[in-house]
1. Can you work out D for region 691-814 in µm² s⁻¹ from Stokes-Einstein, where Rh is the Kirkwood radius over C-alpha pairs, the temperature is 25 °C and the viscosity is 0.890 mPa s?
2. If you take every residue apart from residue 96 with its C-beta less than 9 Å away from the C-beta of residue 96, what net charge results, scoring Lys and Arg +1 and Asp and Glu -1?
3. Once you have a ≥ b ≥ c as the square roots of the Cα gyration tensor eigenvalues for region 289-400, tell me rounded if a/c is under 1.5, and otherwise prolate or oblate according to whether a/b is larger than b/c.
4. Relative contact order for the chain: what percent, with Cα pairs under 8 Å and sequence separation of 6 or more?
5. Fewest to most neighbouring Cβ within 10 Å: what's the order for 374, 127, 489?
6. If you count, for each residue, the other Cβ atoms within 10 Å and average over each peptide, how do 360-366, 539-545 line up from highest to lowest?
7. What angle, in degrees between 0 and 90 and rounded to the nearest 10, separates the Cα long axis of helix 98-110 from the longest principal axis of the Cα atoms of the chain?
8. If you line up the long axis of helix 267-279 against the longest principal axis of the chain, both from Cα atoms, how many degrees apart are they, to the nearest 10?
Amino acid sequence: MASLPLPTTPNPHFSRSRYTQTRKSINVTTTHLPNFQNNEQRFPISYKSYFHHISSLCKEGQLPEALAILTEMELEGFQIGPEIYGELLQGCVYERALFTGQQIHARILKNGDFFSSNEYIETKLVIFYAKCDLPEVATELFQRLRKQNVFSWAAMIGLYCRIGCNEEALLGVCEMHENGYFPDNYVVPNALKACSALQLVKFGKGVHGYVIKMGFDCCVFVASSLVDMYGKCGVLEDARKVFNLMPERNVVAWNSMIVGYVQNGLNEETMEVFYNMRVEGIEPTRVTIASFLSAAANLDAIEEGRQVHAIAVLSGLELDNILGTSFINFYAKVGKIEDAELIFSRMNERDVVTWNLLISSYVQDGQVETALDICHQMRSENLRFDSVTLASILSAFADSSNIKLGKVGHCYCIKNNFVSDVVVSSSIINMYAKCGKIEYARRVFNTSMQSDLVLWNTLIAAYAELGLSGEALKLFYQMQLEGVPPNLISWNSVILGFLKNSQVNEARDLFLQMQSAGVQPNLITWTTLINGLAQNGYGYEAILLFQKMQAAGIQPNVVSIVCVLSACTTIASLLYGRTIHGYVMRHEISTSPSIVTSLVDMYAKCGSIDLAKKVFDSILNKELPCYNAMILGHALHGQPAGAFAFFEEMKKEKIQPDGITFTGLLSACSHAGLVDKGFEVFTEMFSKYHVMPSKEHYGCLVTLLSRCGSLEGALRFILTMPIEPDAHILGSLLAACREHNETDLGKYLSEHLFKLEPDNSGNYIAVSNIYASTGKWDEVSQLRDLMKQKGLRKDPGCSWIQIGEELHVFVAGDGSHPQTEVIYHMLSGLEREMRFMGYVTADGNIKYPASKSIT
């Protein structure tokens, strides 16, 4: 950048001797201005020497010494020229010394219009106030400039960028160009920074064209800014093109490329660029290390993260707050919370941000008590909680449903005037909602001083999570009536509320409405709808929606892949499941533990236990969810030996089982009729492994006893359970009553079931079938009439099979399939074979063979 021109020729209208005295008069005071030619004549060497000395001191940051020289010059009778004041103002810019700069400004004004109206001084003052981030003063001085130049424009555009007024910055660039001043290689990077902040990639491309036209693309500073702009706007291909064409790449350029990749979720590409940077011999900075660690955490790449930690140490990078927080964040995300705390303990200076990160790490790891201990330590070091600290603490209380501590946290917020903070208020609302006190959450919302979009969204999401779709929809419309337009998060929450309440059609309608309103669904919207459809039994529709999402240009992530695999499992579609597996392999995302577990689960539940085993064997580091999926798969296939084999393998690997593990084992025993083994597993669960039984575990044992014909034993077990039986437990016993003609027990169970699920038609049908099997037709008629009064209808049985691209659906009583006669002929043949083999009793029920051991 060219330097500012110095005024070498003094104004001839104001040439006077330095000895000219001010003439005193009652009415008139004449201002005398210096003759700088006399300085050069009387002190040709000394004046220049003083100037260079002051300039040198200013560059070294020694402002007091420079001002002392100025005072000495004044005492010696020198007339101070604009160049001296310009150097002093530049020194104040280096040090951001606002007060000193204001004093110099006062001296300039005191010396009269010649100085204060000098173009060089005027420009230096604009630059000084702009660099000190005083927009009001800088703007006023800029507008008063008699002649604006590249330097004053650059200062103002840079100021607008720093304070976040990006639109004004770009308007300034346009106006500067229209006025005949061409933005230089200092202005262009600020323009690109504003483009990235506003996500104006087209404007950025226009600036890129200007850069090429002016020949600035060879400037590493400008090229790095282009890479950064394209990266932050998500146009990684263009960023890489600019990066590859750079004749010279410094560490800033490499960092821009690395940051661009990591911000757009391209973590593997981030690692590749870092590797190439090392090959080129470029030493990493704190930005490099922090970005790489973020990518490593996202990929769960523990070893790579540790290696970069070693590189940072060998490079001599000090463990300051920036680097320290990056290490803490990495180790916490990969589950090495102890290492995160070790880094924290070794940091010399720890600010509130660092403490907050450690507290948040413990909260996310579920260690609420440890997080609270860290809070006490933070207070002992005289550091005050801020909104982030309180949000983390309240989140811990929410996740643990600890309403008592949540109220304590709320009281602290009130006492310390934090309730006006939007982040804290939304955390309080979320805490009460998750603790089941939605009315308290509503009260906090109603008493908030400012109900902005964040608070509205928090309350809508709270109602949606509870399945209170009506209340969520009311709030959605109410916020618009109060002048708060909804954003994408608002729409997503209401859609979730509908799906949680099984209102699939309403969710679909809202999905279409949001697009009609000009709001484009994002990945979260699509994934929410796919998951909701799968959870509500619309598996085929969920798979079609997954295809539409890709057609819309939205790339699925791990969560959406897991959801669509769940949909494949729902409809037992091995064809679609294998298709999704192929997609996962092609896009190299099969390393995610959740995806691998979902694949194992899908293959097992779609009838291919061998393919499930192949996927399981391909996993290098097998975790508990994968073992659980294999155990449940073998249980579903009636293979208890396989289920227990995997359990034994788990124990050898020293993997601690959880409640899901024992649900699978008990289910395996239930399917095979292994009563003794089932109770042995149940006893070991809490006595040896300290896993407290849940309703699922009790339900498995009730089903086991019922299937083996021990109805009295099942009833005794239910009566001795420490928890109240739910409809599923009672329903499994009721189903066995029909097979064994236990009318009285069926009637007893039905009374409880009708109270638990008054609108479940299946319970009425089950009891009706028990009465019908014993010839009690009056009772059957009464139940049918009761169902009509309640408006209940029997849901017909439904099954399906996919052959090629076609899905064949079969509904009970429906003869519309073109091959109905062939199908029923085949079923008749199968029934004859089953009767011959002894698997069907005289009344047509399935006969379960008794089994006492694992074969």
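Each value in this text was obtained by applying a stated rule to the coordinates, not by laboratory testing. The model shown is predicted, which means the values in this text are computed figures rather than measured ones. Because the Cβ atoms are built from the backbone with ideal geometry, glycine has one as well, and the counts that use them run over all protein chains shown.
1. Approximately 153 µm²/s, per Stokes-Einstein.
2. Working: positive: 131; negative: 95, 133.
Value of the local net charge: -1.
3. On the way: a/c = 2.38, a/b = 1.47, b/c = 1.62.
Here region 289-400 falls in the oblate category.
4. On the way: 1108 pairs, mean separation 28.9, N = 855.
3 percent.
5. Working: 374 23, 127 26, 489 17.
Lowest to highest Cβ neighbour count: 489, 374, 127.
6. Values: 360-366: 19.0, 539-545: 20.7.
Those peptides, ordered most packed to least, come out 539-545, 360-366.
7. Its long axis makes an angle of about 30 degrees.
8. The angle comes out at about 50 degrees.
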